Amino acid sequence: MTLKELDNLVKINDLKAEPPDQNEFNNMLLSAKRCIKDAGIAGLSDEGRFSSAYTAAHVLSLAALRWHGYRSSNRYQVFQCLVHTVAFDQAKCRMLGKCHKLRNVAEYEGHLEITPQLLKELIGVTIELQKLVEALEPISSD
């Protein structure tokens, strides 16, 4: 996997190079796991489950980016970087991007329109992403 594309984003100040930290990475994984668990609670509203699954996907995406030694302050960009950080399928990255847009509408306009199918897909993609991020080797302490 080449990270040349991510290095190019650093050059134009879209990403920041920052040494990875195993404790930060581990804490992100724990946070994502809690959110995924919450997303699976059938008694929660669909909006609550969507929010939990979206948060887990975002945290996992950021953890993958941090594992490689990069940081982004752009929530959408961490999803785009998944093709480089964990070789995630582009179609799944686009689906996460769609969920990001829905989350923004909900947060800034107070309206969230999700279908049971989209919620199911988001939870499934997030669980798949979790497995890929958890498979990353421990961060070496050079």
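The values are calculated or read from the model by the stated rules, or taken from the named source; none is laboratory data. Worth saying up front: this structure is predicted, and the values here are computed from it rather than measured. With ideal geometry, Cβ positions are generated from the backbone for all residues, glycine too; neighbour counts draw on all protein chains shown. Just so you know, the surface numbers come from the protein's heavy atoms only, side chains and all, with ligands and any DNA or RNA stripped out. Shrake-Rupley method; radii C 1.70, N 1.55, O 1.52, S 1.80 Å.
The residues listed here are Val83, Val105; of these, the one that is free of Cβ contacts under 8 Å to residues at least 60 places away in the same chain and under 26 Å from Lys11 (Cα atoms) is Val83.
Take the conditions part of a helix (DSSP H, G or I), open to solvent by 80 Å² or more (accessible area, probe 1.4 Å) and more than 13 Å from Leu60 (Cβ to Cβ) and apply them to Glu107. Does it pass? Spelling it out, Glu107 is indeed part of a helix (DSSP H, G or I), open to solvent by 80 Å² or more (accessible area, probe 1.4 Å) and more than 13 Å from Leu60 (Cβ to Cβ).
Restricting attention to the stretch 69-95, the residues being assigned to a helix (DSSP H, G or I), of a type outside the set (Ser, Thr, Tyr) and open to solvent by less than 70 Å² (accessible area, probe 1.4 Å) number 10.
Once the stretch 11-39 is narrowed to residues that are loosely packed, with under 13 Cβ neighbours inside 10 Å and under 17 Å from Ala56 (Cα atoms), the residue that is nearest to the chain's Cα centre (by Cα) is Leu30. Across the stretch 111-142, the qualifying residues are those that are closer than 16 Å to Tyr54 by Cβ and part of a loop (DSSP other than H, G, I, E, B), and the one among them that is most open to solvent (accessible area, probe 1.4 Å) is Glu113. The sole residue among Ser45, Ser31 that is at pLDDT below 95, out of contact with any Phe, Trp or Tyr (no Cβ under 9 Å at 6 or more places or on another chain) and not aromatic (Phe, Trp, Tyr) is Ser45.
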